[in-house]
Each structure stands twice: as C-alpha cells, then as structure tokens.
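Have a look at the structure below, then the notes.
Taken together, the values in this text are just the output of simple stated rules run on the coordinates, not laboratory data. Owing to the predicted nature of the structure, the values given are computational and were not obtained by experimental measurement. A quick note on method: Cβ atoms are made from the backbone with ideal geometry, for glycine too, and the neighbour counts reach across all protein chains shown.
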Amino acid sequence: MVIRGGQLQIEQSRIFANTRGNGDGAPVGVDLRLREQATVTNESALTADTRGSGNAGDVRVTAGRVVLSG
C-alpha cells in the first residue's frame, strides 16, 4: 500500500497490509511518504502482518514530523 501527500491523520482506525499463505508480501507492505505530518492517535495502527510462513514486508513512514499517541 502506498500513500503520498501533505498530511495524514489516523484516529481510531487501522491500516493493514496482510499476507496469507507461504508467499512473501511486498518488501514494503505499508509505505507512507508525507511532506508535512503523520499523526497516528487513539488506538490506531499501521501494520504489515502475515498469516503463514511468508514475509509480511515492512512499514515505512517518511514525514516532516511523526506524532504517535495512545
């Protein structure tokens, strides 16, 4: 999953990149590249997960500022 932009706010939400089975997912399962701020709050999550023997991939966040809270 690729997300590009200026700002992103995730509140009480989840972004998943799930891989099932024996195959690998993308090398980067969740890729956020923001010019300004990424805010992840109130039990939110960004995850790459596997339901088998394959590799789920990474979660990559590039932003001018990253705020993680509760």
Charged-residue dipole, Cβ positions (Lys, Arg, Asp, Glu), the chain about Cα centre, Debye nearest 20: 140
Ellipsoid equivalent to the chain - semi-axes via the Cα gyration tensor, in Å: 24, 14, 8
Taking the chain and dividing mean pair separation by its residue count, relative contact order in percent (alpha carbons under 8 Å, at least six apart): 40
The range 1-16 and the range 51-70: distance between their alpha carbon centers, rounded to Å: 11
